[in-house]
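The values are calculated or read from the model by the stated rules, or taken from the named source; none is laboratory data. Note that this is a predicted model, so its numbers are computed, not measured. Cβ placement follows ideal geometry from the backbone for every residue including glycine, while neighbour counts extend to all protein chains displayed.
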Amino acid sequence: MAHSIAVIGGDGIGSEVLAEALKVVDATGVQLETKYFELGAEHYLATGEVLDDSTLAELRGFDAILLGAVGPAIGSTEIPPGTLERGLLLKLRFSLDLYINRRPFRSPDTNPSYVGKYVDMVVIRENTEGAYGGEGGFLRKGTPYEVATQGSINTRFGVERTIRYAFSLAMSRPRRHLTLVHKTNVLTFSGDLWQRTFDEVAAEFPEVAVAYNHVDAACIYMVEAPERYDVIVTDNLFGDIITDLAGAVSGGIGLAASGNLNPERTSPSLFEPVHGAAHDIVGTGKANPSAAIRSAAMMLDFLGEGDAAQKIFKALESFPEAGLKTNEIGNYYAERI
């Protein structure tokens, strides 16, 4: 039975890397029924729309969504900041209740990482609250007396379901270790809620070893001693920041994949590489499709196609052994599996 997949190539290299990812999926024998949606910067500039309600309603009917990249070229002033981020990416996350952002980081065995140490961690980021919840505004904007506020929304419901997911994931991994990353010494309200919830849920998972790091300390440890991490759970803003660092130390952002998940499957989950649109290399053949391929494999695993997903993951980890350059590995994956 084929899985119905909404494909959003988006902007820049998005369509290029998704094309390679879909070739790899096809090589596994898994059947997909795909429909392409023109959403992103180019769509907005052509139509004045970001994501209308009818398109959102249609997207709800798919088994999953595969997204390439969204964003205008660096330096472009045609689209106000936040238009696409809030109107497309966050709208999808919030409307579809994609409350788990799951980002795995694993360095190839033959190339430990940029910091010379083996990396094998997963960051679980709360994906629908925090500083991205939209609380805030301006007072006397454009005057010398301007005030800008930007709040962070943290609910017990949102925090607990994220922490529970992270504990369940940690239980399924060999090390069974989970680290909470926050800033409880300064953010004494939201941090307190996260820490208390973490401690209470931890009592239900005695087999999981736990730790806590302030986010600034975590940035140090991620570079100096990434091997200390197995699963990390954190809030929306901190997760956004430390996952880019994790991508860098584990082999490069071109390898970084993600899943925006609705674990209850009441709506389609969304899978995407996190490297951005990279307009400067469009059409050059230099775009690394690894993150898009890994994201597609995560999608297959989520859809119950575990065997096919493992074939792709194995191929992803084996390419350095062949001494291949990143702009050559797309076809290599398709041939290997």
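Yes or no: residue 103 within 28 Å of residue 82 (Cα to Cα), touching a helix residue (DSSP H, G or I) at 6+ places or on another chain (Cβ under 8 Å) and among the basic types (Lys, Arg)?
The answer is yes for residue 103.
Looking only at residues of region 237-261 that are surrounded by 20 or more Cβ atoms within 10 Å (Cβ to Cβ) and assigned to a loop (DSSP other than H, G, I, E, B), we find that the one that is nearest to the chain's Cα centre (by Cα) is 256. Scanning region 41-89 for residues that are in a loop (DSSP other than H, G, I, E, B) and touching a strand residue (DSSP E or B) at 6+ places or on another chain (Cβ under 9 Å) yields 61, 62, 63, 70, 71. Taking region 201-236 as the range and being among the aliphatic types (A, V, I, L, M), touching a residue at least 40 places away in the same chain (Cβ under 8 Å) and buried (at least 18 other Cβ atoms within 10 Å of the Cβ) as the test, the residues that pass are 201, 208, 231, 232, 233.
The residue of region 128-147 that is surrounded by the most Cβ atoms within 10 Å (Cβ to Cβ), among those that are without any contact (Cβ under 8 Å) to a residue 40 or more places away in the chain and of a type in the set (Phe, Trp, Tyr), is 138. Residues in region 160-171 include at least one that is among the polar types (S, T, N, Q) and without any contact (Cβ under 8 Å) to a residue 40 or more places away in the chain.
The condition of being in a loop (DSSP other than H, G, I, E, B), at pLDDT 95 or above and out of contact with any Gly (no Cβ under 9 Å at 6 or more places or on another chain) holds for residue 144. Being of a type in the set (Gly, Ala, Ser) and either on the phi > 0 side of the Ramachandran plot or touching a residue at least 40 places away in the same chain (Cβ under 8 Å) (or both) is the filter here, so list the residues in region 183-197 that pass it. Across region 183-197, the qualifying residue is only 190. Considered as a group, the residues in region 262-279 that are charged (D, E, K, R) and more than 26 Å from residue 76 (Cα to Cα) include one that is surrounded by the fewest Cβ atoms within 10 Å (Cβ to Cβ), and that residue is 264.
Against the conditions (1) modelled with pLDDT under 95; (2) aromatic (Phe, Trp, Tyr); (3) more than 26 Å from residue 310 (Cα to Cα), residue 138 satisfies every one except (1).
Being touching an Asp or Glu at 6+ places or on another chain (Cβ under 6 Å), closer than 20 Å to residue 97 by Cβ and either of a type in the set (Asp, Glu) or assigned by TED's automatic domain parsing to the domain that holds residue 262 (or both): is that true of residue 4 here?
Considered against the rule, which asks whether it is touching an Asp or Glu at 6+ places or on another chain (Cβ under 6 Å), closer than 20 Å to residue 97 by Cβ and either of a type in the set (Asp, Glu) or assigned by TED's automatic domain parsing to the domain that holds residue 262 (or both), residue 4 comes out as yes.
Sort out which residues of region 1-38 are in a loop (DSSP other than H, G, I, E, B) and aromatic (Phe, Trp, Tyr), and write them in order of number. Across region 1-38, the qualifying residue is only 37.
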